[in-house]
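Chemist: This is the structure I want to talk about, given as structure tokens.
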Amino acid sequence: MNAFEETMTAELTGLLRAGVPVRGVRLTVRELVVTRIERGPLDAREVTEAVEAAVRAACRLVRDLDAPPEVVETVCRGALEAVRGHGGESARWLGEAAEAALAVLEAQAHEYIDERTWGWLVGRAPRW
């Protein structure tokens, strides 16, 4: 787990424990991803790594803290909205970022094949 994923996990844990509504979670994820993207050097790898880390953090919460699976969908949307909404250079990597988010979900579905939740999330993953 990298530093950004640790930060995302801690933030999401706090938000969920505080009962923050879905919109608040999505906005927080968007802000964290935009902040990570702006920290520097910006290329497709950094953008997709930020999205992957956000989605992995959400998956960890569902597995470890029994958070509702919809959290993963909310985090995926928030992270991809950050990439799309950031504009300029990062927006052109939205396709790669969406593929990266889907790859994380597919890996979870493969690893936890007996749990129907992950297959459901793969089907609901945003595709931009």
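Chemist: How many residues, within region 35-53, are among the acidic types (Asp, Glu), part of a helix (DSSP H, G or I) and more than 15 Å from Val72 (Cα to Cα)?
Modeler: Residues meeting the conditions: 3.
Chemist: On to the next question. Out of Val33, Val71, Val104, Val47, report the one residue that is touching a Leu at 6+ places or on another chain (Cβ under 8 Å) and β-branched (Val, Ile, Thr).
Modeler: Val71
Condition check ((1) of a type in the set (A, V, I, L, M, F, W, C); (2) free of Cβ contacts under 8 Å to residues at least 60 places away in the same chain; (3) within 15 Å of Trp120 (Cα to Cα)) across all residues:
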residue	(1), (2), (3)
Val51	yes, yes, no
Cys59	yes, yes, yes
Asp64	no, yes, no
Glu73	no, yes, yes
Cys76	yes, yes, yes
Ala79	yes, yes, no
Gly85	no, yes, no
Ala91	yes, yes, no
Leu94	yes, yes, no
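Chemist: Could you run through region 68-93 and say how many residues are under 13 Å from the mean Cα position of the chain (by Cα), of a type outside the set (Asp, Glu) and in a helix (DSSP H, G or I)?
Modeler: So the count comes out to 11.
Chemist: Do we have any residue at all in region 56-73 that's more than 15 Å from Thr13 (Cα to Cα) and of a type in the set (D, E, K, R)?
Modeler: Yes; the residues of region 56-73 include at least one that is more than 15 Å from Thr13 (Cα to Cα) and of a type in the set (D, E, K, R).
Chemist: Something else about it: Tell me the residue from Glu106, Glu70, Glu81, Glu115 that is surrounded by fewer than 23 Cβ atoms within 10 Å (Cβ to Cβ), under 20 Å from Met1 (Cα atoms) and charged (D, E, K, R), please.
Modeler: Going through Glu106, Glu70, Glu81, Glu115 in turn, just one is surrounded by fewer than 23 Cβ atoms within 10 Å (Cβ to Cβ), under 20 Å from Met1 (Cα atoms) and charged (D, E, K, R): Glu106.
Chemist: Please specify each residue of region 16-34 satisfying the condition of being farther than 17 Å from Ala57 by Cα and assigned to a helix (DSSP H, G or I).
Modeler: Ala18, Arg23
Chemist: Continuing with the same structure: From the set of residues in region 43-67 that are more than 8 Å from the chain's Cα centre (by Cα) and acidic (Asp, Glu), which is surrounded by the fewest Cβ atoms within 10 Å (Cβ to Cβ)?
Modeler: Taking the candidates together, the pick is Asp66.
No lab work stands behind these numbers, since they all come straight from the coordinates. Because the structure is predicted, anything quoted here is derived from the model rather than measured. Virtual Cβ from ideal backbone geometry, glycine too; neighbours counted across all protein chains shown.
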